[in-house]
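Worksheet: one structure, shown below.
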Amino acid sequence: MGNLSELSSVTDIMAAQTADALKNLKVKDPEAVIASAAAAKSSENGNAAEAEDSDDDEDEKGANGEGGTDGAAKKKRKRKKKTKKAGGANPTKQSSPPRVLLSTLFPSGEYPIGQEVEYMDENLYRTTNEEKRHLDRVNNDFLQEYRQGAEIHRQVRQYAAQNIKPGQSLTEIAEGIEDSVRALTGHPGLEEGDNIKGGIAFPTGVNLDHIAAHYSPNAGNKTILSKDNVMKVDFGVHINGRIVDSAFTMSFDPMYDNLLEAVREGTNTGIKEAGIDVRMGDIGAAIQETMESYEVEINGETFPVKCIRNLNGHDIRQWEIHGGKSVPIVKSNDQTKMEEGEVFAIETFGSTGNGYVRDDYETSHYAKRPDAPNVPLRIASASKLLSVINKNFGTLPFCRRYLDRLGQEKYLLGLNNLVSSGIVEAYPPLVDKKGSYTAQFEHTILLRPTVKEVISRGDDY
């Protein structure tokens, strides 16, 4: 009887330990783990995975006890733990819509290289020159920030191009793109200063037909995309102020194909001609020659494709979408040269109208001027709004929807005061004549010491 009593006591102790172990088991829904992994940073994911491995090891040790029925239950729970481990692994491909943090898909921190193009003529030596190769290597952080932004742009725009359909509102289209960019950069932009670290570089342009640029819907806009529209989609991504600026045009009727091809080839010509020591006027002449060799037939009427002569490409600086240099898209006498280390947005616009744009419609785009004067503001709402702009956008462009999103109210008086004081620049929509159609294509290029890198190039354009 004494031995039976000891055995009973041991059994009771083991049963209590088993009950405690079962209470501590952490069984998760695999789908929830996947969703969690998609929202977390790669380093955090790695730590979480190690913690789960440790939990599994402890649970497996606790499950090696005796007893028929209890042992079976423990084995069943152990199998569930294995399922959880598999589900908790980092995603290996982008979701639809894009919501997986890009750094999760590239845990090494090395992002895809853009299209590399060797320099020509007297700059050909740069490709193999050891000094230039050294300069390229010391720029690695700069390059990885740009390549990360470019890969985000590719993934977001390719999803957008496949899923934008007639019947959607412009607000739905713009916000869908912006939500994807924020998710992939890991910067929702709601906390003070977060948008300056990364995310949306400027408001998403959804420009229809004769509207060439700078149109983004304000709150309450009810415009619906139709199958007859030609829409320019222009958006930017930035990582640490390194802005990737790229745009494309989409239509739903092959009647417009020649217009789109003319402008796409105009942009490709500009990219081909661009390089260190190249003069801006020469690039513009080559673009114009290419684009204006096209014509397009729309509803039985033939139109020459014209370059929009008062729209240009531009250089890009850190946190500044428009630097001090312009890249014309028509022939000019501009002798300004491109220089090593500079970043340019090569963008071209074609039109079936006048080939000239003017301001029209309600303004949505604004940006604080880099050279903003330090002037007294007599309207309290202007001072308050300027503080919000400084803390959330700096010199990056923003729109009224972004201010709404931050919870700002009744700010128009203050915003107009900042504009009239020369602190903030307003960018109204730019339009050609009504009834005409315009198209745009754009890429960002880096003039590296060794090669020209078309950072935003993709399989789509």
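The values are calculated or read from the model by the stated rules, or taken from the named source; none is laboratory data. Keep in mind that what you see is a predicted model, and the values were worked out from it rather than measured. Cβ atoms come from the backbone with ideal geometry, glycine included; neighbour counts cover every protein chain shown. What goes into the accessible areas is simple: the full protein's heavy atoms, side chains included, and nothing from ligands, DNA or RNA. Shrake-Rupley method; radii C 1.70, N 1.55, O 1.52, S 1.80 Å.
Among the residues of segment 239-263, write down those that are more than 30 Å from Asn139 (Cβ to Cβ) and either part of a helix (DSSP H, G or I) or basic (Lys, Arg) (or both).
Within segment 239-263, Pro254, Met255, Tyr256, Asp257, Asn258, Leu259, Leu260, Glu261, Ala262, Val263 meet the criteria.
Name every residue in segment 184-218 that is in contact with a Leu (Cβ under 6 Å, 6 or more places away or on another chain) and closer than 15 Å to Met250 by Cα, in order of residue number.
Val206, Ala212, Ala213
Can you work out which of the residues in segment 399-450 that are without any contact (Cβ under 8 Å) to a residue 12 or more places away in the chain and of a type in the set (S, T, N, Q) is surrounded by the most Cβ atoms within 10 Å (Cβ to Cβ)?
For segment 399-450, the residue satisfying everything is Asn416.
Scan segment 188-207 for residues that are surrounded by 20 or more Cβ atoms within 10 Å (Cβ to Cβ) and either without any contact (Cβ under 8 Å) to a residue 40 or more places away in the chain or β-branched (Val, Ile, Thr) (or both) and report the count.
Residues in segment 188-207 being surrounded by 20 or more Cβ atoms within 10 Å (Cβ to Cβ) and either without any contact (Cβ under 8 Å) to a residue 40 or more places away in the chain or β-branched (Val, Ile, Thr) (or both): 5 in total.
Quick check, is Thr171 at pLDDT below 95 and of a type outside the set (Asp, Glu)?
no
If we keep just the residues of segment 91-143 that are open to solvent by 50 Å² or more (accessible area, probe 1.4 Å) and β-branched (Val, Ile, Thr), which is farthest from the chain's Cα centre (by Cα)?
Filtering first and then ranking leaves Thr128.
Give segment 362-376 a look and list any residue that's touching a strand residue (DSSP E or B) at 6+ places or on another chain (Cβ under 7 Å) and in a loop (DSSP other than H, G, I, E, B), or say none.
Thr363, Ser364, Arg369, Pro370
Any idea how many residues of segment 208-223 are under 19 Å from His238 (Cα atoms) and open to solvent by 30 Å² or more (accessible area, probe 1.4 Å)?
Looking only at that region, the number is 1.
Which of the residues belonging to segment 252-284 are touching an Asp or Glu at 6+ places or on another chain (Cβ under 9 Å), open to solvent by 30 Å² or more (accessible area, probe 1.4 Å) and not polar (S, T, N, Q)?
Passing the criteria: Phe252, Asp253, Met255, Glu273, Asp277, Arg279, Asp282.
Among the residues of segment 288-337, write down those that are in contact with a His (Cβ under 6 Å, 6 or more places away or on another chain), open to solvent by 50 Å² or more (accessible area, probe 1.4 Å) and not hydroxyl-bearing (Ser, Thr, Tyr).
His322
Could you tell me which of the residues Ile321, Ile379, Ile329 is in contact with a helix residue (DSSP H, G or I) (Cβ under 7 Å, 6 or more places away or on another chain) and in contact (Cβ under 8 Å) with a residue 40 or more places away in the chain?
Testing whether each residue is in contact with a helix residue (DSSP H, G or I) (Cβ under 7 Å, 6 or more places away or on another chain) and in contact (Cβ under 8 Å) with a residue 40 or more places away in the chain leaves just Ile329.
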